[in-house]
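Contents: one structure, followed by commentary.
Coordinate-derived values only; no laboratory data. Here the structure is a predicted model, which is why all the values come from computation and not from measurement. Because the Cβ atoms are built from the backbone with ideal geometry, glycine has one as well, and the counts that use them run over all protein chains shown.
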Amino acid sequence: MSAKYVFVTGGVVSSLGKGLAAASIGCLLESRGLRVNLMKFDPYLNVDPGTMSPFQHGEVFVTDDGAETDLDLGHYERFTHAPLSRDNNYTTGRIYEQIILKERRGDYLGKTVQVIPHVTNEIKNAMRKVAANGADVTIVEIGGTVGDIESLPFLEAIRQMRQELGRENTTFVHLTLVPWIAAAQELKTKPTQHSVKELLSIGIQADVLLCRSERPLGREIKQKIAAFCNVEEKAVIGAKTVSSVYEVPLCFAQEGVDELILRYLHREAPEADLSKWKDLVERCYNPKDEVSIAIVGKYVEYEDSYKSLKEALAHGAISQNLKLKLTWIEAEGLESESAADQSYETQLEGFDGILVPGGFGKRGIEGMLNAIRYAREKQVPYFGICLGMQAACIEFARNVCGLKNANSSEFDPAAEHRVIYKLRELLGVEEMGGTMRLGAWTCILQGDTLASRAYGGATEISERHRHRYEFNREYEALMTGAGLRISGATPDQTYVEIVEIPGHPFFLGCQFHPEFKSRPLEPHPLFREFVAASYQHRKQRSAEQMKAARAAYQQVQ
Ligand code: GLN
């Protein structure tokens, strides 16, 4: 059977949630027993998102093979079981890089190298490679908005794919906006019409329209859009805004998106089984209580820079029927004027758990250290991820082991006690470029630890990395002697992967990024346990408050 594709494009404006739409289609098709794969093309010239600012581009999502990818791949992994790697995310820059490499090597035998056919061929080859992985349906998301100069080669490539593979093997899904105009008290279809026309002008007739709208699309509006955009009325899908992203697949199912796509692709499939998703959304909307977590970090004003983290925490909360209340605290605002200044404490009071996420650079570090000290001393559950683990080690070295000048060589290369450092630095190896420890690494867990209990007694796990610095084992004896426990390390014992403090309700730092592997239906154990400990802390605190209030009342009596 020939490979089948769903191409997802976006019109009118950006940020309509194309990634989420593609992921939800994947989820629906998977729920009907099909194997799906997803990929994304980003029309910018950067070779990969690895070096792009999180402020501009949001989180860098890391796959098992260590590819630094667009955050939409995070949606793909959370909604489906598609096996993602560097093959599933291409930028214009990477496509051109490959072509220029070939040209320099003489592969084109002196021919003129052009956008058509060379760039478009390279794009089509990338799609075929992913489709060849055994998927029944490959969903291809084209970044950007139709009408952008940058996305033209990608659109031309998918137009050719339709030409080559036929209607029964390709479906064009277009995401548009149907705005509500208050002055007219009307939903307006014109932007959608223009966007569909723009696509048509480059040879692509949309098959399915996902219409984002603040209000439900009535029958008349759907008929109007269908008539003017040349699609079936059934193919005009109302994509209303929902409060949980995990409801999107259910909404699409209700609108018959899966049915439609399968019909267009001439593919039979069993009925959808969405019971687990329904149950998840049910729990999401009916929490029994809430849990409040403070995230102390650097890019907190731009939430997309911690997309997977936010989702992983939500998974942990939903799995325990809790509503997650997140507070983002800018780490710089927790820095103290002097050692005696503990005014930051008021900002940290009242949270059930504190988390310091990954990050790069020196800004805000001292504030993070204050937050960690607070959590450690006041027995508030603490979860440190990557930078948050490194900072926890620095805090422990300084305030428990008395190494006042402990630091990471990232923040102070000349620090007296480099408890966090680049391994190669000490070996005297000159670092070339941005060598990071990236992607999946195996970690061996020590028994009878918080980590091993969280992972259900597993002794070997695999987690994803994205960092340069490591725990310096020269300080291991001193720090473990003072009460720190190393509960996870690489099999050869070179790298420390997890540290924790026994006796504390929950104090754990991991060098990897567990958030990349958390799924709504399979919450990551560390997030699940951190949220559970935080909730426990909340209940204990309220019990203590109750007791104190009762005692005060009795005294008055
Ligand atoms: N900046 C630290 C390092 O490079 C931590 C990186 C991270 O948190 N992802 O090791």
Original post:
What nm distance separates the two modelled labels at residue 414 and residue 168, each placed 7 Å from Cα along Cα→Cβ?
Top reply: 7.4 nm
Original post:
According to the Kirkwood expression over distinct Cα-Cα pairs, how big is the hydrodynamic radius of the chain, in Å?
Top reply: 25.6 Å
Subject >> Selection from 157, 180, 144, by position along the positive dipole direction of the range 140-180 (Cβ) >> reply: 180
Original post:
Cβ under 11 Å from residue 400's Cβ, residue 400 left aside: what net charge do those residues give with Lys, Arg +1 and Asp, Glu -1?
Top reply: +1
**OP:** First select every other residue whose beta carbon is under 14 angstrom from the beta carbon of residue 315; then total the charges, Lys and Arg +1, Asp and Glu -1.
**Re:** +3
Original post:
Can you give the FRET efficiency for residue 399 and residue 302, using 1/(1 + (r/R0)^6), R0 = 25 Å, r = Cβ-Cβ distance, to the nearest 0.05?
Top reply: 0.20
Original post:
Taking R0 as 35 Å, what's the FRET efficiency between residue 125 and residue 81 from their Cβ-Cβ distance, rounded to 0.05?
Top reply: 0.90
Original post:
What is the dipole size for the range 1-72, taken about its Cα centre, with +1 at each Lys and Arg Cβ and -1 at each Asp and Glu Cβ, in debye to the nearest 20?
Top reply: 480 debye
Original post:
Using the Cβ atoms and a cut-off under 10 Å, what net charge is assigned to the surroundings of residue 57, where Lys and Arg are +1 and Asp and Glu are -1?
Top reply: -4
Original post:
Quick one: putting +1 on the C-beta of Lys and Arg, -1 on the C-beta of Asp and Glu, what dipole do you get for the chain around its Cα centre, in Debye to the nearest 20?
Top reply: 1000 debye
**OP:** Quick one: dipole size for the range 190-339, taken about the Cα centre, charges +1 on Lys/Arg Cβ and -1 on Asp/Glu Cβ, in debye to the nearest 20.
**Re:** 580 debye
Original post:
Are any of the pairs 18/102; 276/307; 188/224; 4/129; 310/517; 222/278 more than 21 Å apart by Cα-Cα distance, and if so, which?
Top reply: 18/102; 276/307; 222/278
Original post:
Using the 10 angstrom Cβ neighbour count as an exposure proxy, how do 373, 363 rank, fewest first?
Top reply: 363, 373
Original post:
When a footprinting reagent is the concern and you count Cβ atoms within 10 Å, what order do 277, 441, 180 take, fewest first?
Top reply: 180, 441, 277
Original post:
What FRET efficiency do you get for residue 345 and residue 540 if R0 is 25 Å and r is their Cβ-Cβ distance, rounded to the nearest 0.05?
Top reply: 0.85
Subject >> Residue-wise HN-Hα coupling along the range 313-330, computed from phi with Karplus coefficients 6.51, -1.76, 1.60 (Hz; x: Gly, Pro) >> reply: 5, 4, 4, x, 5, 4, 4, 10, 6, 10, 9, 8, 10, 9, 10, 9, 10, 6
Original post:
In what sequence do 64, 352, 279, 492 fall when counting other Cβ within 10 Å, fewest first?
Top reply: 492, 279, 64, 352
**OP:** Can you find, among 321, 372, 338, the residue farthest towards the positive end of the dipole of the range 246-378? Put +1 on the C-beta of Lys and Arg, -1 on that of Asp and Glu.
**Re:** 372
